[in-house]
């Protein structure tokens, strides 16, 4: 038996409306969602009688959808896909052992939502964009690399590439600071994901109170005005996946 | 997800989508050793580490050049060494049928190695 | 045209959601190895990298889905 855990929530006055939402939703997606309570915490989970044999994209999407749906009714700690225990005892043990960490996290994110802000280089004129922003400087060849030997030619090529990369990094740093200027007006909860392809300038997530959404949009629009020609996208609201850094011991 | 979560976008949304697809998890480096591929799996691991060190050396060399602290002789040696190392790596990559993209490791929560 | 645009938006939403559900959120998968055949995914928790598989089997639940 596997208990697939989707989210942890704080129980309280909203209990009945959450229960109702989960029951209705269960029927809709044909997964029987259940809730158990432990002190102030509740876990939302489903029971798989058979061993989970295979998982694919559709399962991941469904998992995300369930969390998303529940997050519409209350503040929750989203679990990562693959969060399963094999008995009710283990589930209670999990809640008991990490009770204070879970509760603390829930308080931290209470009433807040996660938004993702991505800024990417447009595929055209990347160098021009950087040069326009940082000022055009022609490459200065260090004296030591003047010469015609193979070694020097080789190092010079490397050096040119290195300089371009440095300028690119400088541009990214500058944009990042401008971005931080804008969002720090709204929240201290900002995280940068490691940028995974060279097109990425920033891949950030912010946690803000619901009512600050419009302010965030304004801030990013200011950023767009300062650095036009980049591709920008904001998605959200998401459950606070990036701000529940708990590792179960 | 039946809901559209995009609340703001500027520039080319098509390009954004292409980039996001590139980083989907299926495309990331992994070492999956089976009896059939264990040799290339091991080569991949070893070459990844060598490549990491080679890149660090290259970076360090550029800093030294910028700092203007190298003699004529050192420059010649440095260039030759790095050049040979890179050529050797290219040879090894060919032998084991690996691309630059293969020479990286996904360290889970720590992100990529290189 | 209208449809294309809608599809791209939906695609992006899904990609962003997958990224979250597979790499973020509260982790109890630090103890678990999942290998998913269909989209060739492996998530290896940090501790899995650091501890040998043998000790892991002794101390923790090892779930291998594939």
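Here are some notes:
- Degrees separating the helix A:15-29 axis from the principal Cα axis of chain A, which is the longest one: 80 degrees
- Angle of helix A:88-97 to the longest C-alpha principal axis of chain A, folded into 0 to 90 degrees and rounded to 10: 60°.
- Segment A:113-243 shape via C-alpha gyration tensor axes, a/c threshold 1.5: prolate
- Cβ-to-Cβ counts within 10 Å put A:192, B:96 in ascending order as A:192, B:96, the fewest first.
- Shielding by partners, peptide A:229-241 (average Cβ within 10 angstrom, other chains): 6
- Sequence of B:71, B:81 once ranked by neighbouring C-beta atoms within 10 Å, starting from the fewest: B:71, B:81
- Peptide A:187-199, shielding by other chains (average Cβ, 10 Å cutoff): 3
- Shape box of segment A:58-161 [Cα atoms, principal axes, largest first, Å]: 74, 32, 30
- Neighbour counts of other Cβ atoms within 10 Å put A:151, A:42 in the fewest-to-most order A:151, A:42.
- Estimated D of chain A in µm² per second, where Rh is the Kirkwood radius over Cα pairs and Stokes-Einstein applies at 25 °C, 0.890 mPa s: 114 µm²/s
- Full extension of the segment from residue A:225 to residue A:211, taken as 0.36 nm per residue of separation minus the current Cα-Cα distance, would add 2.7 nm.
- Computed from the Kirkwood radius of its Cα pairs, the Stokes-Einstein diffusion coefficient for segment A:2-110 at 20 °C and 1.002 mPa s stands at 151 µm²/s.
- Between segment A:63-109 and segment A:185-217, the C-alpha centres lie 23 angstrom from each other.
- Inter-chain Cβ neighbour average for residues A:140-146, partner chain, 10 Å: 3
- With respect to chain A, whose longest principal axis is taken over its alpha-carbon atoms, helix A:99-109 is tilted by about 60°.
- Selected from A:205, A:137, A:49 as most flexible by GNM, with chain A as the system and alpha-carbon contacts under 10 Å: A:137
None of the figures in this text is laboratory data; all of them are computed from the coordinates on show. Just so it is clear, the model here is predicted, and its values are computed rather than measured. No Cβ is skipped: glycine too gets one built from the backbone with ideal geometry, and neighbour counts run over all protein chains shown.
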